[in-house]
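The values are calculated or read from the model by the stated rules, or taken from the named source; none is laboratory data. For clarity, every value in this text was computed on a predicted model and none was experimentally measured. Using ideal geometry, Cβ is built from the backbone for each residue, glycine included, and neighbour counts are taken over all protein chains shown.
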Amino acid sequence: MQNVKEILQNMTLEEKAAQLVQIPYAHVGREKAIEWAKRGAGSFLHVFGDDARELQKIAVESAAHIPLLFGIDAVHGHCLNRKATVFPTQLSMACSFNPLLVKRMAEAAAKEISADGLHQTFSPVLCLGRDIRWGRVDETFGEDSYLAGELGAAAVQGYQGEDNAADTSVIACAKHYIGYGEATGARDSYDTPITYRKVKDTFLPPFEKAVKAGLASIMTAYGSIDGTPCTSDKKLLKEILKEQLGFDGFVVTDWENVGHLIREQRVAANEKEASRLAIESGNDMMMSAPEFYEAIIELVRGGEVEEKLLDDAVERILNVKMRFGLFANSFKQADEKFLGCEEHLRLNKEIARESTVLLKNNGVLPLNGRKKILVVGPSADDIRCNYGDWTYFSHPLPNYDTKPERPYITFLEGVKELAKEYDCAAEYVKGAEINEAIAGGIATAAKAAEKADVILFACGDNIELAAEGRDRADMRLPEAQRELFGALCKAGKPIVTALICTKPLCAPEIDEGSAAVLTNFNGGMFGGLALAEVIFGAINPCGKLPVSFPYHVGQQPCYYNQLPGWHCRNYVDMPETPLYGFGHGLSYTKFAYSNLAFDEKTLTLRVKVKNTGVRAGKETVQVYFRDLVSSVLTPVKRLIAFRKVQLRAGESRELEFAFTRADFSFVNAREERVTEPGEFEIMVGGSSADGDLIKLNFIIED
Ligand code: GLC
């Protein structure tokens with residue numbers, strides 16, 4: 001078989017230009033798609049099964065004989081296929097603080113993606129969800145750079161496998177590069193007013209870990225960094241990503257990014273200018289930009305763009321196709337038996353259970369002895385509330401359906417299943433819709449509440465209120481649900497609230513009026529079951545929050561790793577701390593931390609954790625640090641390690657964490673990553689809250 005250089009040498013200018021476009025099948029339709037396959041297009045997105053196989057046959061029989069690459073948005077499972085496993089969203093999975101579970105999810109998803117004859121998933125999302133007003137926080141691993149990097153690298157390893165050419169391995173595409181969620185006002189695709197220093201210090205580390213894990217593709221974000229679109233930022237794409245990080249895969253733009261340079265961001269006057277900017281800045285594959293093909297040929301023919309730029313891009317794409325075995329077997333695909341298989345469903349339940357966070361509990365949970373249960377709320381019996389975005393009935397495929405496909409278990413179904421086991425009776429009154437009242441709904445719910453021993457209130461948002469292009473300014477629970485909750489509080493019965501939501505909502509009244517609160521955000525097919533299992537005590541919750549819940553949207557951003565310097569450090573009208581903070585999550589047992597020690601020579605930390613309760617449980621031990629004096633402002637605390645331990649009642653465990661100087665580094669004013677000698681503080685505990693941490697200081701010598 002020819003090698004990449006030989007293939008490249010034999011390609012015409014037209015074939016090189018075609019190799020750089022990724023065509024949206026659902027938008028151009030089958031006939032046009034066939035034309036593009038004949039022309040030698042490099043890639044398609046949002047096509048699968050027989051339609052994809054038909055295009056591949058045409059491509060390998062075309063003049064250049066270069067196999068197509070098929071990309072898909074399989075962000076938490078191959079959810080655009082209704083037969084596939086719908087895992088919890090990334091934000092939900094992040095609550096598990098379990099990289100191995102994320103890796104196993106990605107391995108399973110890769111098999112289901114490949115079973116459809118596809119090769120690339122536009123996942124993992126490595127943006128940080130630091131402002132909950134942004135519509136896409138649910139797609140992130142939360143607000144912290146270290147956690148996002150650990151989970152993102154695990155996802156890359158899971159998708160791409162040990163053997164990239166194996167039928168069960170797919171190309172990961174980390175996105176969106178970079179700083180997408182940090183835009184002013186958390187507005188989708190808006191300008192992110194940060195410096196390259198901030199990019200390197202806070203937003204680049206997750207991508208760095210993904211590249212070190214062998215990442216094969218990266219997606220350029222829609223937005224701009226301090227006025228320069230990511231798509232036309234040579235420093236971001238070439239200098240930082242390709243030269244400094246040594247990224248050797250290919251860069252694909254986000255949807256119509258080339259056209260956005262003209263129409264939205266207005267840094268290019270026409271398609272030729274936009275195409276030149278895109279290729280010169282370091283984009284290799286242009287998603288949904290068919291106009292790029294003619295424009296780039298004209299630019300090369302006119303001597304305005306060097307053909308070498310196309311060669312570099314084509315070479316990167318062909319190297320990835322070669323590495324993932326597409327030349328050796330252009331029709332590589334995993335067995336269709338993997339789609340929604342029993343093993344993946346079991347894994348799905350395991351992840352949902354580990355991702356369930358108990359936020360508040362005044363002792364009402366686990367439910368025991370309370371016989372008459374009333375379930376109320378719009379999120380209890382609609383599985384779409386548990387699925388989040390990028391599934392077969394959300395978007396982007398125009399033929400999505402609204403009838404969810406079994407198997408799945410809604411929260412109500414889970415409660416009824418457990419109620420039988422625990423000899424309880426469970427009744428359901430919806431009471432309101434997600435975003436509007438039901439005539440008589442509140443009165444019916446209030447009446448039913450009079451006869452109940454305990455009320456389970458299932459509330460939240462849905463993807464009409466979150467997702468791409470759906471940012472919010474008012475982050476409260478929708479009014480209809482707030483009114484319903486107010487009426488339930490008047491019944492004077494204990495209320496357990498299950499927040500089934502895409503991302504944190506500002507709901508202090510829910511915390512105030514509930515005896516217990518729990519969530520797993522969009523927990524997937526079995527998220528509702530996991531919530532019910534925690535409520536009945538069938539499982540001991542161990543999830544921890546990867547993102548902060550503010551009291552009020554005005555507190556945004558209230559992520560835990562704040563910088564010092566806020567004068568008076570509080571608002572005059574509310575606390576400066578979040579309602580529930582990063583790393584927070586309760587258990588049905590208790591854990592105590594002691595014997596904290598730090599060896600300054602070896603930079604090794606030791607700590608003892610004990611389960612002081614009466615029930616076995618899992619604890620995520622979190623390690624934070626602070627650089628007490630630094631040449632630029634650095635956060636009051638930063639996560640530097642975490643480890644999940646399972647302890648029997650009364651069991652203790654000595655944990656050891658080995659660090660390097662680089663772990664205590666930051667990016668200075670000269671954009672260099674440095675560890676400055678001096679005094680540091682290290683903090684260990686079960687959440688980022690000061691009250692949950694034991695601390696000591698240490699010195700790093702020059
Ligand atoms: C979308 C999203 C991106 C997705 C791509 C392809 O607009 O921004 O995350 O992968 O287009 O669907």
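Taking the options Y593, Y588, Y559, Y580, name whichever one is among the hydroxyl-bearing types (S, T, Y), under 16 Å from M683 (Cα atoms) and in contact (Cβ under 8 Å) with a residue 40 or more places away in the chain. Step by step, each of Y593, Y588, Y559, Y580 is checked, and only Y593 is among the hydroxyl-bearing types (S, T, Y), under 16 Å from M683 (Cα atoms) and in contact (Cβ under 8 Å) with a residue 40 or more places away in the chain. Within the range 335-344, the set of residues being of a type in the set (A, V, I, L, M, F, W, C) and either assigned to a loop (DSSP other than H, G, I, E, B) or surrounded by fewer than 18 Cβ atoms within 10 Å (Cβ to Cβ) (or both) comprises L339, C341. Taking every residue in the range 29-46 that is assigned by TED's automatic domain parsing to the domain that holds I297 and pairing it with any residue that is more than 16 Å from the ligand (Cβ to nearest atom) and among the small types (G, A, S), at least 6 positions away or on another chain, the pairs with Cβ-Cβ distances below 6 Å are A37/A59; K38/S62; R39/A18; G40/A18; G40/S62; G40/A64; A41/A18.
Scanning the range 212-227 for residues that are within 16 Å of the ligand (Cβ to nearest atom) and small (G, A, S) gives A216, S217, A221, G223, S224. Just to be sure, is R263 within 16 Å of the ligand (Cβ to nearest atom) and either free of Cβ contacts under 8 Å to residues at least 60 places away in the same chain or under 22 Å from A26 (Cβ atoms) (or both)? Against the criterion (within 16 Å of the ligand (Cβ to nearest atom) and either free of Cβ contacts under 8 Å to residues at least 60 places away in the same chain or under 22 Å from A26 (Cβ atoms) (or both)), R263 qualifies. Kindly indicate the residue of the range 669-702 that is assigned to a loop (DSSP other than H, G, I, E, B), farther than 18 Å from G149 by Cβ and out of contact with any Asp or Glu (no Cβ under 8 Å at 6 or more places or on another chain) and also modelled with the lowest pLDDT among those meeting that condition. Going through the qualifying residues, I end up with D702. A count restricted to the range 501-526 and to residues that are among the aliphatic types (A, V, I, L, M) and farther than 27 Å from N368 by Cβ stands at 2.
Only one entry in K332, K349 is within 27 Å of L100 (Cβ to Cβ), assigned to a loop (DSSP other than H, G, I, E, B) and either under 26 Å from the mean Cα position of the chain (by Cα) or not assigned by TED's automatic domain parsing to the domain that holds A419 (or both), namely K332.
Matching residues to (1) touching a helix residue (DSSP H, G or I) at 6+ places or on another chain (Cβ under 8 Å); (2) buried (at least 24 other Cβ atoms within 10 Å of the Cβ); (3) small (G, A, S); (4) not assigned by TED's automatic domain parsing to the domain that holds K503:
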{"position": "G149", "(1), (2), (3), (4)": "yes, no, yes, yes"}
{"position": "G152", "(1), (2), (3), (4)": "yes, yes, yes, yes"}
{"position": "S169", "(1), (2), (3), (4)": "yes, yes, yes, yes"}
{"position": "K200", "(1), (2), (3), (4)": "yes, no, no, yes"}
{"position": "M219", "(1), (2), (3), (4)": "no, yes, no, yes"}
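Per this entry, R406 is not counted among residues that are within 16 Å of the ligand (Cβ to nearest atom), surrounded by fewer than 18 Cβ atoms within 10 Å (Cβ to Cβ) and either small (G, A, S) or assigned to a loop (DSSP other than H, G, I, E, B) (or both).
When the range 647-678 is examined, which residues are found to be among the acidic types (D, E) and under 30 Å from G613 (Cα atoms)? Once the filter is applied, which keeps residues that are among the acidic types (D, E) and under 30 Å from G613 (Cα atoms), the range 647-678 yields E651, E654, E656. Residue-level check: of (1) touching a Ser or Thr at 6+ places or on another chain (Cβ under 8 Å); (2) touching a residue at least 40 places away in the same chain (Cβ under 8 Å), I240 misses just (1). Tell me, yes or no, whether the range 73-86 has at least one residue that is among the hydroxyl-bearing types (S, T, Y), within 13 Å of the ligand (Cβ to nearest atom) and at pLDDT 95 or above. Among the residues of the range 73-86, not one is among the hydroxyl-bearing types (S, T, Y), within 13 Å of the ligand (Cβ to nearest atom) and at pLDDT 95 or above, which makes the answer no.
Listed by position, the helices (runs of 4 or more DSSP H) enclosed by the range 450-566 that each have at least 3 residues that are at pLDDT 95 or above, outside the structural domain of S96 (by TED's automatic domain parsing) and more than 25 Å from A425 (Cα to Cα) are 479-489, 508-513. Condition check: of a type in the set (K, R) and in a loop (DSSP other than H, G, I, E, B). Does R615 satisfy that? Here the answer is yes, as R615 does meet what is asked.
Per-residue answers, yes or no, for (1) among the acidic types (D, E); (2) within 16 Å of the ligand (Cβ to nearest atom); (3) crowded, with 20+ Cβ neighbours inside 10 Å:
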position	(1), (2), (3)
P229	no, yes, yes
S232	no, no, yes
L245	no, no, no
V251	no, yes, yes
N257	no, yes, yes
G282	no, no, yes
I296	no, no, yes
R301	no, no, no
V305	no, no, yes
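When only residues in the range 183-211 that are farther than 19 Å from H260 by Cα and among the basic types (K, R) count, which is nearest to the ligand (Cβ to nearest atom)? Filtering the range 183-211 for residues that are farther than 19 Å from H260 by Cα and among the basic types (K, R), the one nearest to the ligand (Cβ to nearest atom) comes out as K209.
Of the residues making up the range 293-329, those that are basic (K, R) and either under 13 Å from Q19 (Cβ atoms) or assigned to a loop (DSSP other than H, G, I, E, B) (or both) are R316, K321. If you go through the range 157-182 and pick out every residue that is within 13 Å of the ligand (Cβ to nearest atom) and more than 18 Å from D73 (Cα to Cα), you end up with 1.
Tell me whether the range 51-69 contains one or more residues that are within 16 Å of the ligand (Cβ to nearest atom) and under 20 Å from T253 (Cβ atoms). Yes, because at least one residue in the range 51-69 is within 16 Å of the ligand (Cβ to nearest atom) and under 20 Å from T253 (Cβ atoms).
Of G440, G527, all but one fail to be out of contact with any Leu (no Cβ under 8 Å at 6 or more places or on another chain) and within 21 Å of L365 (Cα to Cα); the exception is G527.
Of the residues in the range 325-333, not one is away from the ligand (no atom under 16 Å from the Cβ), over 21 Å from F122 (Cα atoms) and in contact with a strand residue (DSSP E or B) (Cβ under 9 Å, 6 or more places away or on another chain). Every condition in (1) modelled with pLDDT of 95 or more; (2) of a type in the set (K, R); (3) closer than 14 Å to G460 by Cβ holds for K372 except the one numbered (3). The helices (runs of 4 or more DSSP H) found wholly in the range 170-283 include none carrying at least 2 residues that are at pLDDT 95 or above and in contact with a Lys or Arg (Cβ under 6 Å, 6 or more places away or on another chain).
Residues that are more than 30 Å from Y196 (Cα to Cα), surrounded by fewer than 16 Cβ atoms within 10 Å (Cβ to Cβ) and touching a residue at least 12 places away in the same chain (Cβ under 8 Å) within the range 659-702 comprise I694, K695, L696, N697, listed in sequence order. Across the range 572-589, the qualifying residues are those that are out of contact with any Phe, Trp or Tyr (no Cβ under 6 Å at 6 or more places or on another chain) and surrounded by 16 or more Cβ atoms within 10 Å (Cβ to Cβ), and the one among them that is nearest to A616 (Cα to Cα) is T589.
For the range 449-477: of the residues being within 16 Å of the ligand (Cβ to nearest atom) and charged (D, E, K, R), which is farthest from A432 (Cα to Cα)? Only one residue fits best here, namely E468.
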